[in-house]
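No value in this document is a laboratory result; all are computed from the given coordinates. Note that the coordinates shown come from a computational prediction; the quantities given were computed from them, not determined experimentally. Cβ placement follows ideal geometry from the backbone for every residue including glycine, while neighbour counts extend to all protein chains displayed.
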Amino acid sequence: MRLQHFVAMGLTGAVLTCLGAAPPSSGGGSTARPQLYVTTPGYANPRDAVNADVLLDRIVFPDGVTVMHGDFVFPGQVLQMTYGGPIDRFRVQNGSLATVGQPGIFYIEDLDGNGASVSDADRLLFAERMELAWANRNLNNRTLLHAQSGYSFVVGLETRIWDSSFASDNRPEIFIFEDQGNSVMTLQALDDDLVPVGTPVEIRAVDITSIQPNKVWVGRWGNDGAPQSGTYECKVASIDLSRLGVTHVKWLKVTTAISGGGEASADLKIICVDTSPAPAAQTMTFD
Ligand SMILES: [Ca+2]
Ligand SMILES: [Ca+2]
Ligand SMILES: [Ca+2]
Ligand SMILES: [Ca+2]
């Protein structure tokens, strides 16, 4: 037993060294935020890229741990889509000059071929559109809702993610990008049977803040996809899994609110990371 324990501790140390991490720290700095860097290929001024690619490149945590885009965990499935709002208001979108993600504007009501109303088929097809838009790191490729209405869905991540520390910590795992940071939504972890587990977390405008160290801007397009003047600031909510009351998660339910001040309708992109030691090693650490 003693030998097994020794081996397990050695493994934990090896994994942390591999990540280039200092040992997990519980000390101070709970307000320190990750730094999120974007690239805008072909555009020296990032604000000129708002009809093209605004690519999340890397996330640098306060302790120096860096996750490059190749290690991001994207949503892989969208299930149980609900939307009962008006037509001409809810869409998946991307810049017309985008090379990452399909360019253009896709309204939910149009997907079944009958643009007069939103059908069950529309909701299913829109969920597939969301999967495509969220499977990449282009922050322009996102959902947008222009109505005082709500929607909900279950999102399945490509892979299960584990908390970097089972206590509250400064390496959040879930990043929710939202235009202007003026929306309200509830995030709920689900188990593999899609049953709620842990604690629901309400994300309010105060939780959705400017990206650091530099603000990030995304595009505005009219109903026909034509660029509109100005830009939206892309803000982010960063959620440590401890806030959701779980140590790992693959399935999440997101429910956007229909009121809450400002433009309550949520414009979303979700990207996750996993900076944890191997799950078995982390479990051993807690023995
Ligand atoms: Ca329709
Ligand atoms: Ca964490
Ligand atoms: Ca944690
Ligand atoms: Ca918004």
| note | Least to most buried among 229, 152, 242, by other C-beta atoms within 10 Å and fewest first, runs 229, 152, 242
| query | Extension gain residue 97-residue 146, at 0.36 nm per residue separation less the Cα-Cα distance, in nm? | reply | 15.4 nm
| note | Expected sort for 236, 38 with the fewest Cβ neighbours (10 Å cutoff) up front is 38, 236
| request: Neighbouring Cβ atoms within 10 Å as the yardstick, rank 177, 126, 72 fewest first. | output: 72, 177, 126
| query | If you average 1/r over every pair of different alpha-carbon atoms in region 33-278 and take one over that average, what Kirkwood value in Å do you get? | reply | 18.0 Å
| task | Be a star and scan region 148-174 for residues whose amide nitrogen sits under 15 Å from the point 7 Å along the Cα-to-Cβ vector of residue 199. | result | 166-169
| remark: Here the gain from full extension of residue 120 to residue 80, 0.36 nm per residue of separation minus their alpha-carbon distance, amounts to 13.4 nm
| remark: Whole-Å distance linking the alpha carbon centroid of region 201-247 with that of region 147-196 is 13 Å
| query | What full-extension length gain, to one decimal in nm, is calculated for residue 167 and residue 209 as 0.36 nm per residue of separation minus the Cα-Cα distance? | reply | 12.8 nm
| Among all lysine pairs in region 33-278 that are eight or more places apart or on different chains, how many have alpha carbons less than 20 angstrom apart? | 5
